[in-house]
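Notes follow the structure.
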Amino acid sequence: DEHYRVIDLVVEAAAGRVPVIAGAGSNDTKAAVAASRHAVRSGATAILSIAPYYNKPTQEGYFQHYSAIADAVELPVVLYNVPGRTASNVRPETILRLAEHPNIVGVKEASGQMEQVMVILRDRPADFAVLSGDDALALPLIALGADGVISVQANLTPDLFRKMIHAALDGDFATARSLHERLLALMQLNFIETNPIPVKSALAMLGLIEERFRLPLVPLSAEYRPAVRAELTALGLLNEVSA
């Protein structure tokens, strides 16, 4: 109920101004279908569906799981492959097989395996989007033909990160590389502990949210806080007095 309510509130707050890609995945296909159907009822624009975690399906299991979701809803479905969190990899041949489904429109690729993404980029259908799931790899993946990124960093530096991505998409790699180098230290700090701990603590330092976490996640460790504050200050997001 809480998960569904979050989707409802975001769609309501967006009020049609921007697309809403609702997280509606699960390692239980039946639950993922139910969440995806709720996203449709809520008015979401598309669905982001994480690969089943913990139970580690076979590649055929991944194919059938995602096919069941895409068959059940009319919304576009974006696959989300993040082996570091799911403990298993959706391989390129499976992603490319799923890309043939008319409702499966793209993948958020966070495997960290550049060669894997290269294969997907080379062999994908023309209308299948490949989005980086790793901020630090967004620029090189766009150079290889990727279409964008689903970002952690953009929560903290939306304008600078947008400029970097748009410069890369426009082929202005000198500008994109300069911004990438400027933002790289904060990209790294965002993963100094488990995401989303650092980014939420940084957002709290900026006064944008309260520093609240639900167990088992806890606030950023004291040893890392000075480095995060220093980088926010260096980027002009936090003045030294408030730091």
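The values are calculated or read from the model by the stated rules, or taken from the named source; none is laboratory data. Because the structure is a prediction, the values reported are computed rather than measured. Glycine gets a Cβ as well: all are built from the backbone with ideal geometry, and neighbour counts include every protein chain shown. Heads up: the accessible areas ignore ligands, DNA and RNA and are worked out on the full protein's heavy atoms, side chains in. Shrake-Rupley method; radii C 1.70, N 1.55, O 1.52, S 1.80 Å.
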Check your understanding: Which ³J(HN,Hα) values in Hz, rounded to whole numbers, follow from the phi angles of the stretch 182-196 under the Karplus curve 6.51 cos²θ - 1.76 cosθ + 1.60, where θ = phi - 60° and Gly and Pro get x?
Key -> 5, 9, 4, 4, 6, 4, 5, 5, 5, 10, 5, 10, 4, 5, x
Exercise for review: Set the Förster distance to 25 Å, then compute FRET efficiency between residue 45 and residue 143 from the Cβ-Cβ distance, nearest 0.05.
Suggested key: 0.35
Revision key, fill the gap. Between (i) 7, 30, 30, 19, 12, 2; (ii) 7, 28, 35, 24, 5, 0; (iii) 8, 35, 40, 16, 1, 0, the structure-derived P(r) over Cα pairs in 10 Å bins from 0, in percent is (ii)
Check your understanding: Which cross-chain or sequence-distant (5 or more) residues have an amide H under 5 Å from the amide H of residue 23, H modelled 1.01 Å from N in plane?
Key -> 48
Practice item. Determine the calculated [θ] at 222 nm for the chain from helices alone, applying -39500 (n - 2.57) to every DSSP H run no shorter than 4 residues and normalising by the residue count; nearest 500 deg cm²/dmol. Key: -14500 deg cm²/dmol
Revision key, fill the gap. Packing-ranked peptide list from 208-217, 95-104, 2-11, highest mean Cβ count within 10 angstrom first, is 95-104, 2-11, 208-217
Exercise for review: Select from 55, 190, 81 the residue whose mean-square fluctuation is largest in a Gaussian network model of the chain (Cα-Cα springs shorter than 10 Å).
Suggested key: 55
Revision key, fill the gap. Most fluctuating of 120, 165, 192 in the GNM of the chain (C-alpha, under 10 Å) is 192
Check your understanding: Which angle from 0 to 90°, rounded to the nearest 10, does the C-alpha axis of helix 29-42 make with the longest principal axis of the chain?
Key -> 70
Check your understanding: Roughly speaking, to the nearest percent, how much of the chain's 1.4 Å accessible area is carbon and sulfur?
Key -> 54
Check your understanding: Is the stretch 1-93 best put as rounded, prolate or oblate by its Cα gyration tensor, with a ≥ b ≥ c the root eigenvalues, rounded for a/c under 1.5, and otherwise prolate when a/b is larger than b/c, oblate when not?
Key -> prolate
Practice item. Please state, to two decimals, what the Cα-based radius of gyration of the stretch 45-132 comes to when divided by 2.2 N^0.38 Å (N = residues). Key: 0.97
Check your understanding: Once both axes come from the Cα atoms, what is the angle between helix 2-14 and the longest principal axis of the chain, in degrees from 0 to 90, rounded to 10?
Key -> 70
Study note, to complete from the structure: FRET efficiency (residue 55, residue 224; Cβ distance; R0 35 Å; to 0.05) is 0.60
Point to revise | All Cα pairs of the stretch 166-243, percent lying beyond 17 Å | key: 51
Check your understanding: So what's the angle, to the nearest 10 degrees on a 0 to 90 scale, between helix 158-169 and the longest Cα principal axis of the chain?
Key -> 60
Point to revise | Solvent exposure of the stretch 1-90 as accessible area per residue, Å², 1.4 Å probe | key: 51
Check your understanding: So for the pair residue 184, residue 217, with labels modelled 7 Å out along Cα→Cβ, what separation do we get in nm?
Key -> 2.7
